[in-house]
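The values are calculated or read from the model by the stated rules, or taken from the named source; none is laboratory data. Keep in mind that what you see is a predicted model, and the values were worked out from it rather than measured. Here the Cβ positions follow ideal geometry from the backbone for every residue, glycine too, while neighbour counts run over all protein chains shown.
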Amino acid sequence: MDIYKKDCRFFIFANKRSYNKYLDDFLVSHKDIGNSIFIFFNKAEPLKHSAVSRKHPNKWIFFRSLSTNGRYMMFRDLNLLNLFDFKGIFTVPDILDKNIYKNNLAIDFIDFLEKNNIDGSLIRHIGSEKFQPTEYFQLMKRISLKKIKYYHKNKCLSSGLWIYLYIKNKYPRYPITLIGFTGDVDPSIHEPIVEKNYIIGEHLWNKNCELFDCIV
């Protein structure tokens, strides 16, 4: 789906294993449902729980690379591309980036698309990490300040919050609904308190940010 209508809304779904029982009621009754884009990540857990989400005609998915046994990087759960009709496919890191597209991560991803007859033109460009919005680096600085020991592993933003920042800054005129954003992320690789505080701040001060089944 190309974004061209002034009243387009993004619905961004966190990867929770359980959702508010009224999720589908909320979605079907929402005034913007007819002109919206649903955004999912990695395992796309909400598609297991929401019939409305499964049937929605305009879905985007973001796959983030993960390590296998701490070594080999890969995009997980790509079989979702065989199960659902996505209008936009994104990868983090961006395999369309000139510094990425020839490495094994990108080669394996493209190989999967070709073997499964998935249209490569659906891949969208998010850009490398150094071109992310200012808020991304501000949050990363807040995360790094919370490191207690110098030997603690570097932490990063959760996929959901990172892509919220990306969408918010790329399409500043369009409202966003966050669904299931509790800030309860894996503390071994993310920083829950920083993410929770940011979500609370968005709820209080950003008129374009709506929450459902979230922290507040």
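Annotations for the structure displayed:
- Hey, LYS98 in contact (Cβ under 8 Å) with a residue 24 or more places away in the chain and either in contact with a Cys (Cβ under 9 Å, 6 or more places away or on another chain) or part of a loop (DSSP other than H, G, I, E, B) (or both) or not: no
- Residue within the range 44-63 that is of a type in the set (Lys, Arg) and in contact with a helix residue (DSSP H, G or I) (Cβ under 7 Å, 6 or more places away or on another chain) present: yes
- Put simply, of PHE62, PHE90, PHE41, PHE11 the only residue that is modelled with pLDDT of 90 or more, touching a Gly at 6+ places or on another chain (Cβ under 7 Å) and either farther than 23 Å from LYS168 by Cβ or buried (at least 18 other Cβ atoms within 10 Å of the Cβ) (or both) is PHE41.
- Cβ separations smaller than 6 Å between residues 6+ apart or across chains give no pair from the range 115-128 residues that are loosely packed, with under 10 Cβ neighbours inside 10 Å to residues that are outside any helix (DSSP H, G or I) and basic (Lys, Arg).
- Within the range 176-188, restricting attention to residues that are within 16 Å of the chain's Cα centre (by Cα) and surrounded by fewer than 18 Cβ atoms within 10 Å (Cβ to Cβ), the residue that is modelled with the lowest pLDDT is ASP186.
- Filter result for the condition that a residue is over 16 Å from PHE181 (Cα atoms) and in contact (Cβ under 8 Å) with a residue 24 or more places away in the chain, over LYS48, LYS31, LYS59: LYS59
- Hits in the range 14-30 (condition: at pLDDT below 95 and either of a type in the set (Phe, Trp, Tyr) or farther than 24 Å from TRP162 by Cα (or both)): TYR19, LYS21, TYR22
- Pairs are defined by a Cβ separation below 7 Å, a sequence spacing of at least 6 or placement on different chains, a first member in the range 191-216 that is at pLDDT below 90, and a second member that is surrounded by 15 or more Cβ atoms within 10 Å (Cβ to Cβ) and among the polar types (S, T, N, Q); the pairs so defined are GLU195/SER158; ASP213/ASN20; CYS214/THR182; ILE215/THR182.
- Selection status of ASN169, at positive phi, modelled with pLDDT of 85 or more and either more than 19 Å from the chain's Cα centre (by Cα) or outside any loop (DSSP other than H, G, I, E, B) (or both): no
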